[in-house]
């Protein structure tokens, strides 16, 4: 089995650094509740349960799967229920056990993403969805960080397939937009996340190059604010269409 990226190291800050603003989250959860009530749902890579916990509390039947004990531990403390420790490419469920399945910010972390999609298709009767975050801003500090380290000779490539690339490979059957909302964020909060290497794309950046990038970003952004328009989109596919992609589709370059 290919090596998995250990998310235990960022479990304690995961919810804070991947948080959806409350106004946007409320609209998103309302749409998901309407779509998922009465169905049996599987979330692969449930983690801390940032979507599963509020949906479970609203009455949606969700089973979660994850390989990170610390992430799940935090989810359990928030009220997460019905979790299995299992690998995405080897799901411990009978065929067609679920009506709907989802992954979010997970597929890009696993080299055998094709096997994961095939497993999801095997255990799911109807559809798959993912939640894609859209940010409209002239400035993106994460992008600037990676441009600096790339210029210094380090270019991180995700081992798997980003969910955000799925719509370009397979046209969604349904797209449900949520938002936008306007947000002004202190640059310092984003700089602090980058300084701590809160994102998996930073974990193997050489220390000297990391320091160079942070010095450049702090020189430009310390004391400033960043205005952003935030929105999300819920993309649904018939699960058999993603199985076809897994069997024969290209891997994005």
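Every number here is computed from the coordinates shown, using simple stated rules; none is lab data. For clarity, every value in this text was computed on a predicted model and none was experimentally measured. Here the Cβ positions follow ideal geometry from the backbone for every residue, glycine too, while neighbour counts run over all protein chains shown.
Give me the compactness ratio for the stretch 170-253, meaning the Cα radius of gyration over 2.2 N^0.38 Å.
On the way: Rg = 18.9 Å, N = 84, 2.2 N^0.38 = 11.8 Å.
Relative to the 2.2 N^0.38 Å estimate, the stretch 170-253 comes out at 1.59.
Rg/Rh for the stretch 98-253 stands at 1.03; both radii use Cα atoms, and Rh follows the Kirkwood definition.
Relative contact order of the chain: what whole-number percent is it, with Cα pairs under 8 angstrom and at least 6 residues apart? Write down the numbers at each step before the final one.
Values: 419 pairs, mean separation 55.1, N = 253.
Value for the chain: 22 percent.
Cα centroid separation, the stretch 83-140 to the stretch 142-210: 19 Å.
Take the alpha carbon atoms of the stretch 17-110, find their radius of gyration, then divide it by 2.2 N^0.38 Å using N residues; give the quotient.
Values: Rg = 12.8 Å, N = 94, 2.2 N^0.38 = 12.4 Å.
Against the empirical 2.2 N^0.38 Å value, I get 1.04 for the stretch 17-110.
Just checking the listed ones, 228, 241, 143: in the Gaussian network model of the chain with Cα springs under 10 Å, the one fluctuating most is 143. As a rough guide to protection, the peptides 121-131, 41-51 ranked by mean Cβ packing within 10 Å, highest first, stand as 41-51, 121-131. Summarising the strand pairing of the chain, around 60 percent of its internal DSSP beta bridges are antiparallel. Sorted into 10 angstrom bins from 0, the C-alpha pair distances of the stretch 117-203 split as 11, 34, 33, 19, 3 percent. With everything on Cα atoms, drop me the angle between helix 113-123 and the longest principal axis of the chain, reported from 0 to 90° to the nearest 10. The helix 113-123 is inclined about 30 degrees to the chain.
Over the stretch 81-156, the reciprocal of the mean inverse Cα-Cα separation, the Kirkwood hydrodynamic radius, stands at 15.2 Å.
The long axis of helix 69-78 is offset from the longest Cα principal axis of the chain by roughly 80 degrees.
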